[in-house]
Structures are given as structure tokens and as C-alpha cells.
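Visitor: Quick one: this structure, given as C-alpha cells, is what I'll be asking you about.
The values are calculated or read from the model by the stated rules, or taken from the named source; none is laboratory data. The model shown is predicted, which means the values in this text are computed figures rather than measured ones. Using ideal geometry, Cβ is built from the backbone for each residue, glycine included, and neighbour counts are taken over all protein chains shown.
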Amino acid sequence: MKSASRLEKVLEKGEFAVTSECGPPRGADAEVIRKKGELLRDVVDAVNVTDNQTSVVRMSSAASCFILKGMGLDPVLQMVTRDRNRIAIQSDILGAAAVGVNNILCLSGDHQVFGDHPKAKNVYDMDSIQLIHSVKTMRDEGKFIEGEEIKPPPKLFIGAACNPFADPFEIRVPRLAKKAAAGVDFIQTQCIYNLDKFEEWMKGVRDRGLHEKVYILAGVTPMKSVGMAKYMKNMVPGMDVPDEIIERLKGVDKEKRAEEGIKICIETIQRLREIEGVSGVHIMAIEWEEKVEEIVKGAGLYPRPQV
């Protein structure tokens with residue numbers, strides 16, 4: 001069942017899609033979401049709204065998506081299984097669909113010990129693959145998890161995340177295959193810096209024909225500084241930042257390193273566009289939304305297509 005998602009329409013049209021991300025505030029100020037939405041308006045096809053990322057309490061993804069939808073943007077509801085059982089998950093899905101949110105990104109979520117409430121009880125009633133299957137069942141079969149009929153069913157374009165760089169590398173493509181079998185429509189990957197390794201992963205994806213079953217949006221994050229690059233290399237699990245990136249940032253004046261990070265991001269996108277099976281790019285400009293327009297235009301991806 002097709003949704004009313006702009007993102008789905010862009011991808012079905014064969015255009016190279018562009019999505020970005022919006023982190024909700026640690027407070028009840030809707031204006032924070034509106035300001036970020038304005039920075040991304042007309043620059044991207046859809047906007048992810050994170051769901052208590054890194055297990056830190058923030059404004060809910062669903063409420064933030066509703067705000068963005070009211071602004072005329074196409075939001076992507078992120079939903080982690082860490083905090084909800086299957087009753088709450090299905091309820092939230094129906095609520096989001098009822099207010100016109102047509103995209104969902106299915107995630108397990110970071111463990112709570114890494115966040116600001118380490119004593120909180122996790123739920124994990126299901127994992128991300130089971131969540132994908134559940135959403136597909138709700139959408140395509142019009143049934144709840146226990147089999148009862150849904151009238152009317154939610155119209156959702158189903159997404160999930162994928163990390164091509166996590167260990168062990170050899171299970172990365174089979175794990176994507178499991179998500180494809182569960183019914184995912186699109187994938188957004190972890191930030192890509194090691195393009196050679198990503199191309200190796202994409203070869204495995206093509207060998208199994210997965211690029212013909214799932215739209216793959218390659219993730220990129222612009223580096224602001226040498227410190228950020230080192231932190232992501234050494235402290236973020238599953239992140240592969242080659243030494244050449246760090247050395248390149250070191251090689252320019254300190255006040256120009258953020259600009260160099262933008263250049264690296266644009267060059268990465270241009271190379272990603274040449275890889276068979278990559279259907280778009282997901283720009284995660286962490287609290288740097290004002291740079292997304294510059295990146296999109298620099299990569300030759302503006303204006304966005306009309307659908």
C-alpha cells in the first residue's frame with residue numbers, strides 16, 4: 001500500500017533522494033523544532049526526527065513530527081523498541097499515521113545505561129526486525145500483531161538503519177537481507193567516511209540483489225573539527241574514520257577546518273552518487289542544520305525534484 005510520503009514518491013520516480021535529521025529539544029519549546037524545520041525546508045525530501053537518541057530524554061519524535069508536518073515538511077518518525085512494548089508501539093504508529101506522518105524508521109535504540117537515566121528499565125519487547133515486520137503487517141494486511149483487523153490500516157513507508165562498518169563485517173549484508181525479508185522499504189546507513197569499505201559492502205548488497213528490493217540512503221555527517229573526527233574514530237562504536245580524514249583536517253588552518261569538513265562531506269556525496277545501488281543520501285548534520293543547504297547545493301542536489 002503506497003503512502004502519501006514525498007520520500008517514497010521521489011524514490012519511486014528514480015530521483016536521488018536527500019533526507020536529513022532533526023534532534024528534538026530537551027524541553028517543551030516547539031519553536032526549536034520549527035526553526036530547524038525552516039532550515040531544511042525545500043532542501044531535503046524528508047526529515048528524520050530522532051527518538052530519545054543516545055537514551056537521553058527529549059521531546060517525543062511523534063509530537064515533533066506533527067509540528068513538522070504542519071509546516072508542510074515530510075517527517076520520518078523514528079521509533080525505538082527500547083522504551084515501548086508492542087501495545088504502545090502499535091498505538092503510537094496509529095496515532096502518527098492519523099495525523100499524516102507517512103514515514104517510520106524502525107530501530108532498537110541505544111541501551112539506557114549510556115543515557116541520562118541509566119536506572120530506567122528497558123523494554124525491548126521486540127527487536128528492530130520484528131518491528132519492521134509488525135509495521136508491514138499493520139499496513140499490508142490491515143492487522144494488529146495478534147491478528148485483529150485494523151480499520152483503516154496505517155499508510156507508512158517503512159525504513160530502518162544499517163551499519164556497513166560494524167564488526168563482524170561479514171554479517172552486515174546478511175543482516176540487511178533479514179530486514180529486506182521482514183518488509184523494509186528503505187535503509188539509512190551509519191555515517192560513511194571509509195568509502196572503499198562502503199563500496200565493498202555495496203558489492204555484497206548487489207551480489208544478493210538487495211539494492212533492487214530496498215532503497216539505500218547513504219549516511220553522511222560533516223566534520224566540524226579534528227576533535228570531532230578523533231572522537232568519532234575512537235569513541236563511537238561501529239564508526240570507521242580513516243586517518244586520512246583526520247590528517248586532511250589537520251592540514252588546514254584551525255578556523256577553516258569546519259569549512260574543510262563541509263568540502264569532505266560534499267566530495268563524499270559526489271562519490272556516493274556514482275555507486276550502483278545507492279538511491280540517495282541521508283545528511284546527519286548534528287546540531288548543524290544551517291549547513292545542510294550548503295551541502296545539498298554544493299553536491300549538485302538542488303533544487304529538489306517536484307513530485
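Visitor: Could you tell me whether residue 218 is assigned to a strand (DSSP E or B) and surrounded by fewer than 22 Cβ atoms within 10 Å (Cβ to Cβ)? Even if it seems obvious, please write down each step before you answer.
Guide: Working: assigned to a strand (DSSP E or B): yes; surrounded by fewer than 22 Cβ atoms within 10 Å (Cβ to Cβ): no.
Against the criterion (assigned to a strand (DSSP E or B) and surrounded by fewer than 22 Cβ atoms within 10 Å (Cβ to Cβ)), residue 218 does not qualify.
Visitor: How about the range 1-94: which strands (runs of 3 or more DSSP E) wholly inside it have at least 3 residues that are in contact with a Pro (Cβ under 8 Å, 6 or more places away or on another chain) and modelled with pLDDT of 95 or more? Don't jump to the end; show me each part of the working.
Guide: Working: elements: 17-22, 46-49, 75-80.
Filter on the range 1-94 gives 46-49.
Visitor: Would you check which residues across the range 192-212 are in contact (Cβ under 8 Å) with a residue 12 or more places away in the chain, part of a loop (DSSP other than H, G, I, E, B) and surrounded by fewer than 16 Cβ atoms within 10 Å (Cβ to Cβ) and list them?
Guide: Answer for the range 192-212, where residues must be in contact (Cβ under 8 Å) with a residue 12 or more places away in the chain, part of a loop (DSSP other than H, G, I, E, B) and surrounded by fewer than 16 Cβ atoms within 10 Å (Cβ to Cβ): just 208.
Visitor: Does the range 12-60 hold any residues that are buried (at least 24 other Cβ atoms within 10 Å of the Cβ), more than 22 Å from residue 160 (Cβ to Cβ) and of a type outside the set (Lys, Arg), and which are they?
Guide: The one that is buried (at least 24 other Cβ atoms within 10 Å of the Cβ), more than 22 Å from residue 160 (Cβ to Cβ) and of a type outside the set (Lys, Arg): 33.
Visitor: Also, quick follow-up: Restricted to the range 135-149, and to residues that are among the basic types (Lys, Arg) and either in contact (Cβ under 8 Å) with a residue 24 or more places away in the chain or touching a Lys or Arg at 6+ places or on another chain (Cβ under 9 Å) (or both), which residue is surrounded by the most Cβ atoms within 10 Å (Cβ to Cβ)? Full working, then the answer.
Guide: Step one: list which residues in the range 135-149 are among the basic types (Lys, Arg), which gives 136, 139, 143.
Now narrow it down to the ones that are either in contact (Cβ under 8 Å) with a residue 24 or more places away in the chain or touching a Lys or Arg at 6+ places or on another chain (Cβ under 9 Å) (or both): 136, 139.
Details: 136: 18, 139: 23.
Across the range 135-149, the extreme among qualifying residues is 139.
Visitor: Next question. Which one is farthest from residue 82 (Cα to Cα) among residues in the range 100-115 that are out of contact with any helix residue (DSSP H, G or I) (no Cβ under 7 Å at 6 or more places or on another chain) and either among the charged types (D, E, K, R) or not in a loop (DSSP other than H, G, I, E, B) (or both)?
Guide: Across the range 100-115, the extreme among qualifying residues is 105.
Visitor: Out of 204, 147, report the one residue that is at pLDDT 95 or above and farther than 28 Å from residue 86 by Cα.
Guide: Working: 147 fails: farther than 28 Å from residue 86 by Cα.
Testing whether each residue is at pLDDT 95 or above and farther than 28 Å from residue 86 by Cα leaves just 204.
Visitor: A further question follows. Identify, from the list 199, 170, 141, the residue that is charged (D, E, K, R), closer than 19 Å to residue 282 by Cα and either touching an Asp or Glu at 6+ places or on another chain (Cβ under 6 Å) or modelled with pLDDT of 95 or more (or both). Spell out the reasoning first.
Guide: Details: 170 fails: closer than 19 Å to residue 282 by Cα; 141 fails: closer than 19 Å to residue 282 by Cα.
Step by step, each of 199, 170, 141 is checked, and only 199 is charged (D, E, K, R), closer than 19 Å to residue 282 by Cα and either touching an Asp or Glu at 6+ places or on another chain (Cβ under 6 Å) or modelled with pLDDT of 95 or more (or both).
Visitor: Among the residues in the range 207-218, are any farther than 30 Å from residue 9 by Cβ and more than 20 Å from the chain's Cα centre (by Cα)? First the steps, then the outcome.
Guide: The initial filter retains those residues of the range 207-218 that are farther than 30 Å from residue 9 by Cβ, namely none.
Checked against the condition, which is being farther than 30 Å from residue 9 by Cβ and more than 20 Å from the chain's Cα centre (by Cα), the range 207-218 yields no hits at all.
Visitor: Starting from the range 257-274, keep only residues that are of a type in the set (Lys, Arg), then list their pairs with residues that are surrounded by fewer than 19 Cβ atoms within 10 Å (Cβ to Cβ) whose Cβ atoms are within a distance under 6 Å, requiring at least 6 positions of separation or different chains.
Guide: 257/225; 271/195
Visitor: Which one is surrounded by the fewest Cβ atoms within 10 Å (Cβ to Cβ), of the residues in the range 221-230 that are more than 18 Å from residue 189 (Cα to Cα) and not small (Gly, Ala, Ser)?
Guide: Taking the candidates together, the pick is 230.
Results for (1) more than 21 Å from residue 183 (Cβ to Cβ); (2) in contact with a strand residue (DSSP E or B) (Cβ under 8 Å, 6 or more places away or on another chain), shown as yes or no for each residue.
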{"residue": "59", "(1), (2)": "yes, no"}
{"residue": "113", "(1), (2)": "yes, no"}
{"residue": "116", "(1), (2)": "yes, no"}
{"residue": "131", "(1), (2)": "no, yes"}
{"residue": "136", "(1), (2)": "no, yes"}
{"residue": "141", "(1), (2)": "no, no"}
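Visitor: Out of all the residues in the range 46-86, which are in contact (Cβ under 8 Å) with a residue 60 or more places away in the chain and either under 18 Å from residue 7 (Cα atoms) or more than 17 Å from the chain's Cα centre (by Cα) (or both)? Break it down stepwise before answering.
Guide: From the range 46-86, those in contact (Cβ under 8 Å) with a residue 60 or more places away in the chain are 48, 52, 54-57, 74, 76; that's our starting set.
Of everything in the range 46-86, those that are in contact (Cβ under 8 Å) with a residue 60 or more places away in the chain and either under 18 Å from residue 7 (Cα atoms) or more than 17 Å from the chain's Cα centre (by Cα) (or both) turn out to be 48, 56, 57, 74, 76.
Visitor: Among the residues of the range 231-258, which ones are in a helix (DSSP H, G or I) and loosely packed, with under 15 Cβ neighbours inside 10 Å?
Guide: Residues of the range 231-258 in a helix (DSSP H, G or I): 231-235, 243-250, 254-258.
Scanning the range 231-258 gives 231, 234, 235, 243, 244, 247, 250, 254, 255, 256.
Visitor: Continuing with this model, one more query. Among the numbered conditions (1) free of Cβ contacts under 8 Å to residues at least 40 places away in the same chain; (2) surrounded by 16 or more Cβ atoms within 10 Å (Cβ to Cβ); (3) not in a strand (DSSP E or B), tell me where residue 187 comes up short.
Guide: Checking residue 187 against (1) free of Cβ contacts under 8 Å to residues at least 40 places away in the same chain; (2) surrounded by 16 or more Cβ atoms within 10 Å (Cβ to Cβ); (3) not in a strand (DSSP E or B), the one that fails is (3).
Yes/no matrix, rows are residues, columns are (1) surrounded by fewer than 18 Cβ atoms within 10 Å (Cβ to Cβ); (2) within 16 Å of the chain's Cα centre (by Cα); (3) farther than 21 Å from residue 276 by Cβ; (4) not hydrophobic (A, V, I, L, M, F, W, C):
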site: 118; (1), (2), (3), (4): yes, no, yes, yes
site: 133; (1), (2), (3), (4): no, no, yes, yes
site: 164; (1), (2), (3), (4): no, yes, no, yes
site: 171; (1), (2), (3), (4): yes, no, yes, no
site: 176; (1), (2), (3), (4): no, yes, no, no
